[in-house]
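Chemist: Can you keep this structure in mind? I'll have questions shortly.
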Amino acid sequence: MSSEGDWDELLSNHPVFSLPKSVSGPAGKGEASLHLSLSSLPDFVQLDPVDDKPTPSGRRQAIAIKDADLIVAVGSEIRIASLGDSKGARGTSQKSYKNLHTPNIQFEIHQIALNPNGKLLAVAGAFQVAVVVLPRTGYNKLITATVDCKSFQVGQYYHAAESSAPVAKIDWHPWGQGGSTLLVMTTDGKLREYDISVDADEPQQTLSFVPERRMSNSFLAEDAAEREVASFALGKGRADWGPLTVYALMKSGDVYAVCPYMPKNASVPSSYIHALECYVAAKQEYLSHSTDDGDPSSPDSLTTLYDYQHKYVSALIRQLPPGTAWPATARLVPMHPPNTIKNPRARQGPFLLQPAPRLLEGSEGGDATDIVYMSFGDDAAEESEGETERLGLVLVAFQDGKVDLYLDVEKVEARWELKQHPSNDLPMLAVYETIDLGIVSALTKSSDRPGQSLLDLVQGNHPVFQPDPIHEDTLYVYHAFGVHVLNLRSLLTSLATILRDSNDSDAGSSSGLEASLETVKSTDVQPILLTFSVEQQCSTPVIGVAVPNDVYLTYSIFILTSSMRMSVFPLTLRSETSFTAVTPASSPEKAPLAIGPPPTSASLPAPPTPQPKLEVTSSPKKLPAPPDGPPAYVSLLSAEPWTIPPPVARPSGLPGNPRLSFPSNLSASGKEIVLTPETLRFLGTTVEKLSSQIQDVQLAHRATEARAALQEQEFRRQRETCAKMLEIVRTLATTRQEEAQARIAKAQETQKALLARSDRVLQGLMKKASPALSENEAKWFEELRRMREEVVGAGKYDDRSLAARAKLLRREVDRLLPHLQEMKEKETARQKSLVESREALGLSQAFELGKRSTEERARISDMEAEILRLAHRLDVDLGRPPSQQHQQEKNGGVKDE
């Protein structure tokens, strides 16, 4: 599409976004029931297993994009529309969609998830889970408004009963064989794995993150949020246990992990198995060296743990088919989790958060809602592997708009429950940064009316992470009050640079590393959509975010609110570079991060206000300067490249000010807008912010014009300098070149005369020093004459010379060669006839013929030896004799066969 307005215009009135009948019908409560307000807050908090209301409570993901098809979950319906057909349909009457006929789905759909190959769609309500087989390409050409699709419920015994636990999150495992491994996490801490291609009713594996309560007479002070799971995430990595790790987040904010976990039917890259084997072997080797050196810090528990890990990896290696040994090309290999270890997997955690995360000002805290694991390294940095590649990021979102960023400095390893060596050590996550999305501050300023507090709306907020499918360092957070984008590129680049320098330099002490970490940049946070209305004191929660990863669609972000309003923002593709590459110091300042006023982004440790300048790896080349003088040319421009001013820079393509998507106000029904203090305050804040941005844009415009004028002036100077240089070059090519050629010719003549004179002087000196030949010189010349007579001969007809004898030998050889060739042919014919008549000849006859043949062969061999000896004495090369040539031909024929 040419602009963002095209997508908004096409999808604004699209019928696929019409409200369900349970809301817009005669018996429905209307669109106002979908808004988050103090009156509708109980519908967002309470979950009724009998009556699942259409309010967007809990985790919501109602849209998905498959190639060029948009899938929308509306109530209990699943709608699908082709975005490619929508481009040509400008009128509303030409826009259409298809309903997927799924009679097994009779519940309000809260989440949808597309499997890796795009053929299956998992849907989940508050309690139930189902899978839909999506139609093939060409469904939009059908005349009927509905498309029959195969659908079936998943785990009815576990998710469809009245006593079933609510569904926290559903997701497809990326390593599931055929993309059919579905993971369902319920709030009671049970992660069930269903293989849709095998059995959709019974889970293949079940992981428990919440231990069973033990009957005890003692009182145990335990928060209910510590035993209720909010979300889960899969780890990442290249040569460690990251891809085999599952992280679970409790509503209290505690993080647990289980490792190793592999789907029952998995497709694992063979390169990862070999890398994991090297990783475990290196751990064992390091432990053995520490034990040999008498290090008491290597207990027996580590030895037992690494032995278990080695058994696990060895079982995986045995499943590799032939032809996948390293360094063969990596490919997906079907595997099953080893059953050689009977001990159950240990639940690791809760993770120690060091230092303790900060609380937001004005907030009493909220429940944790979502967790995501982001890998640190990228493909561009694959060649420079080191400490930076083994580092990961864990982000946790809370109801009050707080996002904690943890550094995974101690990677999780595979552990099992060992009775003889119980482990009480807790894993650790380094708390690096606490991000405030500005929700609390905005609600606090908007709740000035006596007797009410809009901070209670935080209870109905459920922030959800949505990673960008193209740029791994970009993360979207959507919640009940809008959408924010988190850009981690500057943070990752700074961390990679500092850790790389600390590894390369000798000053990699802890104090030096801490001082360097204080200069690391923080996460760039930017709001892109706001849905909270100050006038109506309510908000339309965002229920879905999708970013297409298709070559035929524009790189954009699609945002859907609970009132079925679609907002589209075009994004900008950027070139992928390594995180370890050093970037210029000038970076755009962070945009406002709040719904109302800008929030704070607290880092631990807090970075100082002045940002240090980093060196640029690719600096422009300078002209060589004279040894004792100024440079040949001084440019008016600075040595560092010019960067776009932050007020006008849009590296991601998102607007500087967030778009507003408010609920339907009273003006839509013909009533006037009532000016309240909150409305006036909001307008004043907005005008002040826009005025400041306009001033910043004007200053940036002036700076840009000044830079353009400076570059024009520099261009004129360079053009004049180039003209002078061209004039000098022309002078050197004409007049100066002729003068130089004349001087070179004169020097050559002088050199020739000097050489002739030096030869004459040298000859004169030799005659004066030694007028006659010495005795040795006379003997030498006499020997040369004798050798010449022996080789060439004293006269033309001297038969004793070596040359004449060689000619005679050549003539003799030429005379004998035809006879030898004839004998060879006769011998070949005789051998052939001998083979043919061997059956008819008797034993005595064959023996007699063999005896004669041996005698003849001996005579021929003696003759060849005599000829070769004579040729050797005359120093003549005759080549190979016929017998050796025949033997070489026979050997060559055998090789060919």
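What follows draws every value from the coordinates through simple rules; no lab data is involved. Since the structure is predicted, the reported quantities are computational estimates derived from the model, not experimental observations. Quick reminder, even Gly has a Cβ in these numbers, built from the backbone with ideal geometry, and neighbours come from all protein chains shown.
Chemist: Which of Leu754, Ala769, Gln741 sits farthest toward the positive end of the charge dipole of the range 741-788, with +1 on the Cβ of Lys and Arg and -1 on the Cβ of Asp and Glu?
Modeler: Towards the positive end, the residue furthest out is Gln741.
Chemist: Go through 731-739, 310-318, 95-103, 363-371 and give me the packing order, highest mean Cβ count within 10 Å leading.
Modeler: 363-371, 95-103, 310-318, 731-739
Chemist: Expected output is a single nm value to one decimal: the length gained when fully extending between Gln698 and Ala829, i.e. 0.36 nm times separation in residues minus the C-alpha distance. What is it?
Modeler: Roughly 36.6 nm would be gained on extension.
Chemist: If you don't mind, there's one more thing I want to ask. With +1 on each Lys and Arg Cβ and -1 on each Asp and Glu Cβ, and nothing else charged, work out how big the dipole of the range 741-788 is about its Cα centre, in Debye to the nearest 20.
Modeler: 240
Chemist: In nm, give the distance between the simple-model label positions of Glu640 and Glu812, each being 7 Å from the Cα along the Cα-to-Cβ direction.
Modeler: That separation, rounded to one decimal, is 9.3 nm.
Chemist: Filter the GluC sites (Glu not before Pro) in the range 142-236 down to the DSSP loop ones having no more than 15 other Cβ atoms within 10 Å, then list what survives.
Modeler: For GluC sites (Glu not before Pro) across the range 142-236 that sit outside H, G, I, E and B with at most 15 neighbouring Cβ atoms in 10 Å, the list reads Glu162, Glu212, Glu222.
Chemist: Given the peptides 801-808, 683-690, 744-751, arrange them by the average over their residues of other C-beta atoms within 10 Å, most packed first.
Modeler: Final packing ranking: 801-808, 683-690, 744-751.
Chemist: Next question. Under the 0.36 nm per residue contour assumption, what length would be gained going from the current alpha-carbon distance of Gln885 and Leu870 to full extension?
Modeler: So the extension gain works out to 3.4 nm.
Chemist: Too long at a 21 Å Cα-Cα cut-off: which of Lys283/Lys311; Lys264/Lys311; Lys402/Lys521; Lys21/Lys169?
Modeler: Correct reply: Lys21/Lys169.
Chemist: Using the alpha-carbon centroid of each, what span in Å lies between the range 140-199 and the range 715-778?
Modeler: Computed from Cα coordinates, the inter-centre distance equals 90 Å.
Chemist: Next question. Grab the beta carbon distance between Thr304 and Gln354, set R0 = 45 Å, and tell me the FRET efficiency rounded to 0.05.
Modeler: Working from the Cβ atoms, E equals 0.95.
Chemist: Under 5 Å between amide H atoms, partner at least 5 residues away or on a different chain: which partners does Val74 have, H built in plane at 1.01 Å?
Modeler: The list, which skips near neighbours in sequence, is Arg79.
Chemist: Assuming a ≥ b ≥ c are the square roots of the Cα gyration tensor eigenvalues, decide whether the range 407-450 counts as rounded (a/c under 1.5), prolate (otherwise, with a/b larger than b/c) or oblate.
Modeler: Because a/c hits 1.5 or more and a/b exceeds b/c, the range 407-450 counts as prolate.
Chemist: When you have a sec, figure out the Kirkwood radius of the range 741-788 from all distinct Cα pair distances and drop it here in Å to one decimal?
Modeler: Hydrodynamic radius (Kirkwood, Cα only) of the range 741-788 equals 13.8 Å.
Chemist: Also, I was wondering about something else. Give me the net charge for the shell around Gly138: Cβ to Cβ below 12 angstrom, other residues only, Lys and Arg +1, Asp and Glu -1.
Modeler: Neighbourhood net charge equals +1.
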